[in-house]
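Working notes, beginning with the structure itself.
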Amino acid sequence: MSGNMSGQPTPKTFQLVQSTVINHQRICREHYRLTVSCYNFANARPGQFVQLSPEMNPQTDVGESCQPDSAQSGTDCEASLSTPALPFLPRAFSIGGLRRNGSTCEIDIIYRVVGVATEWMATLRLGQCISLLGPLGQAFPIIQEKPRAFLVGGGVGIPPLLWLAEALTNAGITTTAMIGSTTKELLPLQHEGNPAPYEDAREARLSSTEFARANTPAIISTDDGSFGFKGNVVEAFKSHVSANASESSRAVVYTCGPERMMQGVAVFCAANDFECYVCMERSMACGVGTCQSCVVTVRSEGPGDWRYALCCTEGPIFENSQIIWD
Amino acid sequence: MSDATDSCLPDLRVNLGGLALSNPVITASGTSGYGPEYAPLFDINLLGGFVTKSVTLHERPGNPQPRTCETASGMLNAIGLANVGLERFCVEKIPFLSQLSIPTIVNVAGHEVSDYVKVCERLDEIECIAAVELNVSCPNVSDGLEWGTDAKRLASLVREVRQVVSRCKLIVKLTPNTGDIVELARGAIDGGAEILSLINTLRGMAIHVDSRKPMLANVTGGLSGPAIKPVALCMVHQVYQGCTRHNGIPIIAMGGIRTWRDAIEFHLAGATAVAVGTSLFVDPRSPLALIDGMRAYLKRHGLMSIQDVIGKVQLPEK
């Protein structure tokens, strides 16, 4: 509660801030990287997310850009001459990267255009303002006692793992990323060269520019074999771990991507005694536990041995043993 | 701020059926949890009152997901009354609510008369609770019909609850999913309602065109947000003109309120208080902007009090 009730100021766990678009680039056919800048963003850690919405001003009824005349060219985003349809509710995006300089904070959001909100986002230009509520949710735990980590990410589930790779490397944990998409055109990462399809995933390389920046070797997979390992990322992960059994013991696995993909990772980890954390995705309205939209079925010691957990406040990060998969 | 400045500010205080509110803006049930959720963003005590999420006799997990989806200027929800249940509410949620300096209103839902009676009887004993609000949009277990869609059935439910509620004010939240909401208002008042709140969500549906499946696991849900505001405004107008204007029962209006303009419209139509719901998801601090906007409106029109607006719609002469 507020300071005037308890005498103690409430820790600002999350805030509603205005942010300005400072970079916006198309990464691949349907994915974009949006970088916004804001002030005094509360402490955040990898795995947490923000709720993003058009800047709203209830006094004027409609969302307005704070600097409508300052939009500049030089972005790869869609330059729509007509006003895009604005989403009504905010949308949740994991933080793909975060840099601080004094009280200024730059936040990367990597998104895929799939509907009204992301179509609107694709029209954002440099200098435009958007609202951010965050940081929200629980972060990935970083287990200092375990010196080895694997990241397994699929498609638009890759972004939180990028920031996590940085944090793990900074914590002195040797990290390898397994990242995949259905096809090369949908790989939301920059990459070095164009490796011919290969059948096994024994060796990870500094093949992804973004993961290389975090000193994290990666194995890139595509389902159709158009780039890197041919097969889905779960197969790449299993193949890599099996081929490197000695270094894989005592590893922690972090995964984010389509639910079936994460289930594959979680089942394999459970069978092989890997500690594993999954980053769940649910559509949500509020992001702070009030709308009750974003339920994830988890094990419970109470009656019925299951319960609904809210993805926004208890998650989005869950230990794999908690989840009851559909 | 000096007293001189204060005396220039228009007065937003309202008397909501005996509840003294410092301003008419409250939260709508189910959109701000049990209180602490939005505390990092703003001081709830700046509102006129706080309304909790529904409380039922027993804990309820609620419906499977997807539970919500966005629609044009609004959203559908089928949460299924997920809540911690009466016992946990008393143990876990009351300590926070008891610290609030504004009136706390607890929304109550049930599937049998005895559910409502047991919950309200217990809540009436808890001093920090100023009022109970009956959610009568739930189906009755015996016949599956909503309590709130028939005036006689509604009156009998309210009458039973009235027997056990003596300290708290009794609010009945009316459903718009009915033929004649004025009849329902009369039924609720006959049963002993001291305050009416309207409207609850409108029943709606959305279908995913690629999967051909309903967007909600529950198939249908309740529509809320700015999309329903004209419907809500019309119903507040009808209930005020057709019923409460004559008997002095105050109305809490809700349904798509997002800006001070919306709030003033509802006041003009006859509402004593206004509740912000779905718009909290869009901008959790919007109720505060709304209070500022209402005050500026009164000042601009040279009005000293919000009382000068309530029910003052200029209707054409018949």
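The values are calculated or read from the model by the stated rules, or taken from the named source; none is laboratory data. Since we're looking at a predicted model, the values are computed, not measured. Cβ placement follows ideal geometry from the backbone for every residue including glycine, while neighbour counts extend to all protein chains displayed. For the accessible areas, the whole protein counts, side chains as well, though only heavy atoms, and no ligand, DNA or RNA atoms are used. Shrake-Rupley method; radii C 1.70, N 1.55, O 1.52, S 1.80 Å.
Identify, please: which residue in segment A:259-278 is at negative phi and not in a helix (DSSP H, G or I) and is, among those, most open to solvent (accessible area, probe 1.4 Å)? Working first, answer last.
Let us first name the residues in segment A:259-278 that are at negative phi, namely A:259-272, A:274-278.
Filter once more, so that each one left must be not in a helix (DSSP H, G or I): A:272, A:274-278.
On the way: A:ASN272: 72, A:PHE274: 23, A:GLU275: 40, A:CYS276: 0, A:TYR277: 23, A:VAL278: 0 Å².
Residue satisfying both the conditions and the ranking: A:ASN272.
Can you pull out every residue in segment B:61-92 that is on the phi > 0 side of the Ramachandran plot and either more than 8 Å from chain A (Cβ to nearest Cβ) or charged (D, E, K, R) (or both)?
Those that are on the phi > 0 side of the Ramachandran plot and either more than 8 Å from chain A (Cβ to nearest Cβ) or charged (D, E, K, R) (or both): B:GLY80, B:LEU81, B:GLY85.
Given the conditions (1) touching a strand residue (DSSP E or B) at 6+ places or on another chain (Cβ under 9 Å); (2) within 14 Å of chain A (Cβ to nearest Cβ); (3) open to solvent by 50 Å² or more (accessible area, probe 1.4 Å), report the number of the one that B:ALA206 does not fulfil.
B:ALA206 satisfies every listed condition except (3).
Just checking, which of B:GLU133, B:GLU92, B:GLU87, B:GLU127 is closer than 21 Å to B:LEU16 by Cα, at pLDDT 95 or above and loosely packed, with under 15 Cβ neighbours inside 10 Å? Talk me through it step by step, then tell me what you get.
Working: B:GLU133 fails: loosely packed, with under 15 Cβ neighbours inside 10 Å; B:GLU92 fails: closer than 21 Å to B:LEU16 by Cα; B:GLU87 fails: closer than 21 Å to B:LEU16 by Cα.
The match here is B:GLU127.
Check off (1) under 29 Å from A:ARG29 (Cα atoms); (2) in contact (Cβ under 8 Å) with a residue 24 or more places away in the chain; (3) of a type outside the set (Asp, Glu) for A:SER248 and give me the number that stays unchecked.
Only one criterion is unmet by A:SER248, namely (1).
Considering each residue of segment A:134-145, count those that are in contact (Cβ under 8 Å) with a residue 24 or more places away in the chain, over 14 Å from A:GLY96 (Cα atoms) and surrounded by fewer than 23 Cβ atoms within 10 Å (Cβ to Cβ), and give that number.
Qualifying residue count for the region: 5.
Which one of these is touching a Ser or Thr at 6+ places or on another chain (Cβ under 6 Å) and either in contact (Cβ under 8 Å) with a residue 60 or more places away in the chain or not in a loop (DSSP other than H, G, I, E, B) (or both): A:THR255, A:THR216?
A:THR216
Where residues in segment B:270-287 are in contact with a Phe, Trp or Tyr (Cβ under 6 Å, 6 or more places away or on another chain) and under 29 Å from A:SER53 (Cβ atoms), which of them is farthest from the other protein chains (Cβ to nearest Cβ)?
B:VAL274
How many residues are within 14 Å of chain B (Cβ to nearest Cβ) and part of a loop (DSSP other than H, G, I, E, B) when one looks only at segment A:109-167?
Residues meeting the conditions: 3.
Check B:ALA28, B:ALA72, B:ALA39 and return the single one that is of a type in the set (A, V, I, L, M), touching a helix residue (DSSP H, G or I) at 6+ places or on another chain (Cβ under 9 Å) and buried (at least 23 other Cβ atoms within 10 Å of the Cβ).
B:ALA28
Yes or no, residue by residue, for (1) within 19 Å of A:GLN322 (Cβ to Cβ); (2) in the same structural domain as A:THR182 (by TED's automatic domain parsing):
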position	(1), (2)
A:VAL233	no, yes
A:VAL241	no, yes
A:ASN244	no, yes
A:VAL253	yes, yes
A:GLN292	yes, no
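Among the residues of segment A:237-252, how many are among the hydrophobic types (A, V, I, L, M, F, W, C) and assigned to a helix (DSSP H, G or I)?
Total satisfying the criteria: 4.
Name the single residue that is farthest from B:MET75 (Cα to Cα) among those in segment A:279-309 being at the interface with chain B (Cβ under 7 Å from one of its Cβ atoms) and part of a strand (DSSP E or B).
Checking each candidate, the answer is A:ARG307.
Restricting attention to segment B:42-53, which residues are more than 8 Å from chain A (Cβ to nearest Cβ) and open to solvent by less than 10 Å² (accessible area, probe 1.4 Å)?
Answer for segment B:42-53, where residues must be more than 8 Å from chain A (Cβ to nearest Cβ) and open to solvent by less than 10 Å² (accessible area, probe 1.4 Å): B:LEU47, B:GLY48, B:GLY49, B:PHE50, B:VAL51, B:THR52.
Got a sec? Which strands (runs of 3 or more DSSP E) wholly within segment A:1-61 have at least 1 residues that are modelled with pLDDT of 60 or more, more than 14 Å from chain B (Cβ to nearest Cβ) and open to solvent by 30 Å² or more (accessible area, probe 1.4 Å)?
A:15-26, A:31-39
If you take the residues of segment B:273-318 that are assigned to a helix (DSSP H, G or I) and over 30 Å from B:MET75 (Cβ atoms), which of them is least open to solvent (accessible area, probe 1.4 Å)?
Filtering first and then ranking leaves B:LEU298.
Is there a residue in segment B:248-267 that is crowded, with 24+ Cβ neighbours inside 10 Å, without any contact (Cβ under 8 Å) to a residue 40 or more places away in the chain and either of a type in the set (Gly, Ala, Ser) or away from chain A (no Cβ under 14 Å) (or both)?
yes
For residues in segment B:200-254 being part of a helix (DSSP H, G or I) and among the β-branched types (Val, Ile, Thr), which is nearest to A:LEU89 (Cα to Cα)?
Ranking the candidates gives B:ILE228 first.
Among the residues of segment A:243-255, count how many are touching a Lys or Arg at 6+ places or on another chain (Cβ under 9 Å) and not acidic (Asp, Glu).
7
How many of the residues making up segment B:101-112 are open to solvent by 20 Å² or more (accessible area, probe 1.4 Å) and modelled with pLDDT of 95 or more?
Of the residues in that region, 2 qualify.
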